[in-house]
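In what follows, a structure is listed as structure tokens, so that the remarks can point back to it.
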Amino acid sequence: MQESFHYCKYRRDENQLYIFADDTVPRWLTAAQHIDFDTMAGADKFGNVYFVRLPQDVSDEIEEDPTGGKIKWEQGKLNGAPNKVEEIVQYHVGDVVSCLQKASLIPGGGECIIYGTVMGSLGALLPFTSRDDVDFFSHLEMHMRQEHPPLCGRDHMAYRSAYFPVKVSHK
């Protein structure tokens with residue numbers, strides 16, 4: 001999977017798949033996990049874990065056209081799909097992720113993504129449940145960066161933005 005995710009529609013009468021959406025960034029995937037109907041989680045060979053989602057209007061349009069007739073005639077630019085998925089979040093793990101799995105850590109609890117890396121590390125990506133959690137951990141990260149700089153002298157924000165800049169949420 002050299003070019004990230006592609007969303008396809010199957011036309012039974014022509015026995016053919018039509019690509020109607022793809023990623024804006026061609027990523028070399030090492031792991032992928034289906035999250036929900038419109039959302040995928042992926043990991044690339046540079047140690048990034050990211051989530052992409054099909055825009056709601058595109059999803060609705062595909063659902064309204066069961067035959068896929070419109071898709072056949074839509075053309076993307078430079079051999080790309082006519083629609084693009086939106087990146088929700090991306091995080092640089094620091095090691096090549098070899099597997100992603102959706103799981104619940106406790107019975108009846110919320111789901112999270114468990115990942116494993118080539119070097120044997122295991123990690124979990126848990127969604128924040130409130131805006132207060134986001135603010136708390138953002139401030140905690142900022143204070144930890146100030147109080148305990150990295151031992152090797154590398155800038156922490158540069159590390160976090162190794163391949164893609166860190167997005168700052170202002171909601």
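Residues in segment 111-137 that are exposed (fewer than 15 other Cβ atoms within 10 Å of the Cβ) and either in contact with a Pro (Cβ under 6 Å, 6 or more places away or on another chain) or of a type in the set (S, T, N, Q) (or both): 121, 129, 130.
For every residue, the table says whether it meets (1) among the β-branched types (Val, Ile, Thr); (2) in a helix (DSSP H, G or I); (3) modelled with pLDDT of 90 or more.
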| position | (1), (2), (3) |
| --- | --- |
| 102 | no, no, yes |
| 116 | no, no, yes |
| 133 | no, yes, yes |
| 138 | no, yes, no |
| 141 | no, yes, no |
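Looking at this structure, is residue 145 part of a loop (DSSP other than H, G, I, E, B) and outside the structural domain of residue 45 (by TED's automatic domain parsing)? Taking the combined requirement at face value, the residue does not satisfy it. Restricting the search to segment 96-110, which residues are touching a residue at least 12 places away in the same chain (Cβ under 8 Å) and either of a type in the set (Ser, Thr, Tyr) or surrounded by fewer than 16 Cβ atoms within 10 Å (Cβ to Cβ) (or both)? Of everything in segment 96-110, those that are touching a residue at least 12 places away in the same chain (Cβ under 8 Å) and either of a type in the set (Ser, Thr, Tyr) or surrounded by fewer than 16 Cβ atoms within 10 Å (Cβ to Cβ) (or both) turn out to be 98, 99, 101, 102, 105, 110. Within segment 54-64, does at least one residue satisfy the condition of being in the same structural domain as residue 30 (by TED's automatic domain parsing), buried (at least 17 other Cβ atoms within 10 Å of the Cβ) and either touching a His at 6+ places or on another chain (Cβ under 6 Å) or at pLDDT 90 or above (or both)? Yes, there is a match, as at least one residue in segment 54-64 is in the same structural domain as residue 30 (by TED's automatic domain parsing), buried (at least 17 other Cβ atoms within 10 Å of the Cβ) and either touching a His at 6+ places or on another chain (Cβ under 6 Å) or at pLDDT 90 or above (or both).
The values are calculated or read from the model by the stated rules, or taken from the named source; none is laboratory data. Computed from a prediction, not measured in an experiment: that's the story for all the values here. Methodologically, a virtual Cβ is constructed for each residue, glycine included, from the backbone with ideal geometry; neighbour enumeration extends over all protein chains shown.
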